[in-house]
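See structure below.
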Amino acid sequence: MEEKTAVFVSVVMGSDSNLPVMQETIRILDTFGIPYEVFLTSAHRSPERTSSFARTAAQRGIKVIIVGAGAAAHLAGVIASQTILPVIGVPLEATSLMGLDALLSTVQMPGGIPVATMAVGRAGAKNAALLAIRILSLDDEGLREKLQAYIQDMVRDIEKRQEGIICRKS
Ligand code: RP5
């Protein structure tokens, strides 16, 4: 019988229209070799599917939930209200308010129900994965080493760009 790989991170989004930006989350999880699932549900359009997901995530072995949503983005908060797993929210641009609506809906949680809110858009989607990895690395030495290597790569990249500036000046 084929053994199922345990899934540690759930990447949830309110619409498939969010997928192009949330690919940034998926790309980082792939880079670090983190097993994940992608789940589509909407706080407003499919409230029961959202509840059932949130209530069963912990018992399915999920450790961190990342939620990308746009417009009146209540999805991260609604999920956080029905699980004790850490929830990371990514506000996305989906209306003429360009993500400000989603940012305020995601970040302004009432006391008692935390959602770790990232920046709007691609940077937020990327950082959501990196924050999830930092959480998972608390009890995973190998993952901590991969994170250190990733940070060192960023340092080297900045140094390389500096060299590029010096060359262009002369
Ligand atoms: C939210 O409504 C989704 O997260 C999406 O960003 C927004 C618009 O959804 P679509 O009309 O593109 O499906 O629930």
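Assorted remarks:
- Some residue of the range 133-151 being at pLDDT 95 or above, within 16 Å of the ligand (Cβ to nearest atom), aliphatic (A, V, I, L, M) and surrounded by 21 or more Cβ atoms within 10 Å (Cβ to Cβ): no
- Residues located in the range 130-143, provided they are farther than 20 Å from Gly77 by Cβ and either touching a Ser or Thr at 6+ places or on another chain (Cβ under 9 Å) or not acidic (Asp, Glu) (or both): Leu130, Ile133, Arg134, Leu136, Ser137, Leu138, Gly142, Leu143
- Number of the exception - Ile26 against (1) aliphatic (A, V, I, L, M); (2) within 16 Å of the chain's Cα centre (by Cα); (3) away from the ligand (no atom under 13 Å from the Cβ); (4) more than 26 Å from Ile151 (Cβ to Cβ): (4)
- Filtered by the rule that a residue be within 15 Å of the ligand (Cβ to nearest atom), surrounded by fewer than 24 Cβ atoms within 10 Å (Cβ to Cβ) and not hydrophobic (A, V, I, L, M, F, W, C), the range 83-110 gives Glu93, Thr95, Ser96, Gly99, Asp101, Ser105.
- Cβ-Cβ under 7 Å pairs, at least 6 apart or on other chains, the range 101-115 side farther than 15 Å from Pro86 by Cβ and among the hydrophobic types (A, V, I, L, M, F, W, C), far side within 16 Å of the ligand (Cβ to nearest atom) and at pLDDT below 95: none
- Of all positions in the range 69-77, none carries a residue that is within 16 Å of the ligand (Cβ to nearest atom) and over 17 Å from Leu103 (Cα atoms).
- The set of residues in the range 118-170 being β-branched (Val, Ile, Thr) and within 16 Å of Ser10 (Cα to Cα) consists of Ile133, Ile135.
The values are calculated or read from the model by the stated rules, or taken from the named source; none is laboratory data. Small disclaimer: the values here were computed from a predicted structure and weren't measured. Using ideal geometry, Cβ is built from the backbone for each residue, glycine included, and neighbour counts are taken over all protein chains shown.
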